[in-house]
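Structure first, commentary second.
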C-alpha cells in the first residue's frame, strides 16, 4: 500500500513537472529584452518576419538548452548529501580547462570543448579522492572540494586578468549563463547527452543497493569499486558537458537531487528522472528571471542559482554529522 501511494505521488510529480517545463519553455521564448506576443511568436516562424532571428536563432535554442542541460549523479554514488559537481570542485576545474582553451586556443573547433572540460573534471576529482585517502567522508570531501574549487577559480581569474583581450567571453562564461547560446551549442551538446543520459539507469539497482552500505552491497553481489568508478566517471562526464556549454551553474547539482528525494523517494529509477526535471525547472526559472529582472541588462543565470543554492548548502552542512 505504501509503495502504491509512493508510485502515485511520483506519477503526479512527473505530470506536473512536465507541464511546468512546457509552460516555462513558452515563457522563455516569449520574454527577453522585449516581450513577444503569442501572435508575434506564431508569425516569427516565417523567415521574412522581423522577429524571425530573435526567435529562431536566439530564444529557441536557448530555451532548448535550458531543458536538455542536466545530470545529477554524484550524491547517489558517494552517499554524500553535500556532494555536487560545484561543491567538489569538478565544475570549476572543468571551467579552468575551458577558459585555458578559450584563451590560448581560440581557433580550436568548439566541439573539442566538452572533451577538454571532461578531462579537467576527471583530474580534479582524482586529486580530491587522493587527498581524502580514497574515503568518501562527507564533511572532509565538502571542505577539501570547496578549497580546490576556490583554487581552480583563482587560477581562472589570473588567466583572464593576464589576457585582457579575451576576458569578456571568459568572464561571462564563468558566471554560468545561456546568453548567446545558438544552434551550434545545441548541436554540440545533444549527441553527448543522448549517449550519456540513458546510461545512469543501467546502474539504478546497484545504486539502490549501495544505499544500504558498501559491506552489505558487496554481500549482495554488487561490485562496489567497479560500480562507483564507472558511475563517478559518468557523473563527471554529465556535469562537465553541461559546464562546457553554459559555464558552471552554481548549486544546481546540489539542490535538485535533494528536492527530488523528498518528492519521489530514494529509489533511483524514479529519483534520477525527477532530479533531472527539477534541475531543468530551476535552470529555466533562473534563465527567465535573468532576462526580465532588469531589461535590457541581463544577469547570468548562475548568480540566481547561487542565491538559491548557497543557503541550502549551509543548511545541509549544519545537518550533516
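Laid out as a table, the results:
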| quantity | calculated |
| --- | --- |
| Number of positions in the range 5-22 that are more than 21 Å from the chain's Cα centre (by Cα), at pLDDT 90 or above and surrounded by 15 or more Cβ atoms within 10 Å (Cβ to Cβ) | 0 |
| Residue match in the range 284-304 (condition: under 30 Å from residue 206 (Cα atoms) and buried (at least 19 other Cβ atoms within 10 Å of the Cβ)) | no |
| Condition met for residue 188 (at pLDDT 80 or above and buried (at least 22 other Cβ atoms within 10 Å of the Cβ)) | no |
| From the options 289, 232, residue that is modelled with pLDDT of 80 or more and either within 30 Å of residue 100 (Cβ to Cβ) or in a helix (DSSP H, G or I) (or both) | 289 |
| From 192, 179, residue being under 28 Å from residue 291 (Cα atoms), in contact with a helix residue (DSSP H, G or I) (Cβ under 8 Å, 6 or more places away or on another chain) and not in a helix (DSSP H, G or I) | 179 |
| Options 245, 249, 155; residue that is free of Cβ contacts under 8 Å to residues at least 60 places away in the same chain, closer than 24 Å to residue 112 by Cβ and in contact with a helix residue (DSSP H, G or I) (Cβ under 7 Å, 6 or more places away or on another chain) | 155 |
| Some residue of the range 124-140 being assigned to a helix (DSSP H, G or I), loosely packed, with under 14 Cβ neighbours inside 10 Å and at pLDDT below 80 | yes |
| Hits in the range 23-36 (condition: assigned to a loop (DSSP other than H, G, I, E, B) and either surrounded by 14 or more Cβ atoms within 10 Å (Cβ to Cβ) or touching a helix residue (DSSP H, G or I) at 6+ places or on another chain (Cβ under 8 Å) (or both)) | 31, 32, 33, 36 |
| Residues of the range 195-232 satisfying the condition of being touching a helix residue (DSSP H, G or I) at 6+ places or on another chain (Cβ under 8 Å) and closer than 23 Å to residue 110 by Cβ | 196, 197 |
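The values are calculated or read from the model by the stated rules, or taken from the named source; none is laboratory data. Just so it is clear, the model here is predicted, and its values are computed rather than measured. Reconstructed Cβ throughout: ideal geometry from the backbone, glycine too, with neighbour counts over all protein chains shown.
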